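The values are calculated or read from the model by the stated rules, or taken from the named source; none is laboratory data. This structure is a prediction, so every number in the text was calculated from the model and none was measured. Cβ: placed from backbone, ideal geometry, glycine included. Neighbour counts: every protein chain shown. The accessibility values were calculated without ligands, DNA or RNA, using every heavy atom of the protein model including side chains. Shrake-Rupley method; radii C 1.70, N 1.55, O 1.52, S 1.80 Å.
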Amino acid sequence: MLILGVESSCDETAAAVVRDGREILSSVIASQIEMHEPFGGVVPELASREHLKNLMPVISDALSTASVALPDLDLIAVTSAPGLIGALLVGVSAAKAIAYSLGIPFIGVHHGEGHILAAHLEYPDIGYPYVALLASGGHTALYHVREFGKYSLLGQTRDDAAGEAFDKVAKLLDLPYPGGPVIDRLAQQGDPRAIAFPRGQREGYDFSFSGLKTAVRNHVALFRSKDKGLDPSLNINDVAASFQAAVVETLADKTVKAAKEQGVSKVIVAGGVAANSMLRQEMHRSCEKAGITLYLPGMGLCIDNAAMIALTGYLHYQRGERSSLDLNPAASAAL
Ligand code: KG4
Ligand code: ZN
């Protein structure tokens with residue numbers, strides 16, 4: 001079966017062709033980062049217009065890279081929730097139109113479920129159960145995944161998502177958007193123990209990053225003056241490293257704790273923040289120590305992509321599910 005996946009929920013326009021929910025024949029991702037960068041974040045209206053411009057070329061690219069023609073397709077899977085509503089509408093409308101014109105089924109997919117299941121494309125033999133940490137710009141949550149389709153939410157952020165915290169802290173330091181990759185890079189030159197930022201929300205599986213963000217803001221404020229901006233005596237690398245250490249420690253500790261307490265021996269990490277080099281190292285270290293097997297997909301499957309959407313759509317289709325052409329995208333939706 002040939003599945004076309006389409007993803008347009010935020011600032012990446014992506015299309016992928018996946019065979020039998022297993023083999024990625026192509027995965028094309030057009031990022032809008034440069035366009036949103038001057039605004040310090042994603043501008044929803046601009047994102048929708050850019051998806052409109054890029055989606056068909058991205059789909060054509062995915063098809064030709066896979067050496068697949070439109071009539072060869074058997075199923076279209078598209079992110080239908082959650083995300084920016086205007087951005088979602090572009091992908092969902094295109095998916096409906098293609099499916100209708102080809103007379104094939106289409107299926108709306110939850111973006112977060114796509115992120116979790118992405119690991120199965122790289123590790124087809126993972127099996128269940130496992131604990132999944134989903135850490136992206138829009139979500140930070142821990143799930144106990146018993147089998148495909150059975151996701152028990154163990155905990156989630158009470159305020160900012162982890163990626164959002166990276167982006168906001170970067171802004172405080174006058175660094176470009178998105179902040180995650182920049183902070184990751186600067187932190188490599190800094191001392192993670194230089195500033196004792198708070199860890200926040202120690203009990204249970206919920207996360208909170210707003211206190212940490214405020215602590216960074218207060219620290220940076222000591223070095224900022226109205227007329228001269230940031231004082232060069234502020235060691236930005238140390239701030240980046242100390243902030244990152246606080247986020248990574250919290251994410252890794254809670255994930256390993258959840259796996260141990262749930263009696264689960266496998267952990268997967270998903271979402272854009274899973275690209276963070278310190279988080280990757282720390283997850284490897286703490287999982288090994290706890291005797292837990294870690295599944296950490298490569299960067300291309302951590303960030304927003306359409307291969308994960310194709311796989312997720314395929315698995316739902318296999319269970320006999322289809323979406324109707326009346327399907328409306330939703331800005332928010334529980335998994
Ligand atoms: O999953 P994703 O591509 O989009 C959403 O669904 O949100 O995640 C994007 C988020 C952004 O907040 C970005 O700053 C963060 O992931 N991110 C990182 C890194 N690369 C991307 N955060 C920390 N370290 C990174 N290397
Ligand atoms: Zn995402």
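Data table
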quantity: Proximal aspartates and glutamates to K53, defined as alpha-carbon separation beneath 20 angstrom and excluding residues fewer than eight positions away on the same chain; calculated: E7, D11, E12, E34, E37, E45, D61, D304
quantity: The chain - percent of accessible surface contributed by carbon and sulfur, probe 1.4 Å; calculated: 51 percent
quantity: Leading residue at positive end of dipole, the stretch 138-265 (Cβ point charges), from S233, Y205, A165; calculated: Y205
quantity: Average accessible surface area per residue within the chain, 1.4 Å rolling probe, Å²; calculated: 43 Å²
quantity: Tilt relative to the chain, helix 111-122 - C-alpha long axis, 0 to 90 degrees, to 10; calculated: 80 degrees
quantity: Rounded to 10°, Cα long-axis angle of helix 162-172 versus longest principal axis of the chain; calculated: 50 degrees
quantity: Partners for K228 among lysines (Cα-Cα distance below 26 Å; same-chain residues under 8 apart left out); calculated: K168, K171, K213
quantity: Chymotrypsin sites (Phe, Trp or Tyr not before Pro) within the stretch 1-110: DSSP coil, no more than 13 neighbouring Cβ in 10 Å; calculated: none
quantity: For the chain, size of Cβ-based charge dipole, Lys and Arg +1, Asp and Glu -1, in debye; calculated: 700 debye
quantity: Net dipole in debye of the stretch 132-224 [+1 Lys, Arg Cβ; -1 Asp, Glu Cβ; about Cα centre; nearest 20]; calculated: 140 debye
quantity: Simple Cβ-charge dipole of the stretch 225-280, Lys/Arg +1 and Asp/Glu -1, about Cα centre, in debye nearest 20; calculated: 260 debye
quantity: The stretch 276-335 and the stretch 84-99: distance between their alpha carbon centers, rounded to Å; calculated: 20 Å
quantity: Local electrostatic count, G83, Cβ distance below 12 Å [Lys/Arg +1, Asp/Glu -1]; calculated: -4
quantity: Options L25, G91, F148, ranked by Cα towards positive dipole end of the chain, top entry (Cβ charges); calculated: F148
quantity: Helix 236-262 vs. the chain, principal-axis angle (Cα, 0 to 90°, nearest 10); calculated: 60 degrees
quantity: Percent of beta bridges antiparallel (DSSP, the chain, rounded to nearest 5); calculated: 60 percent
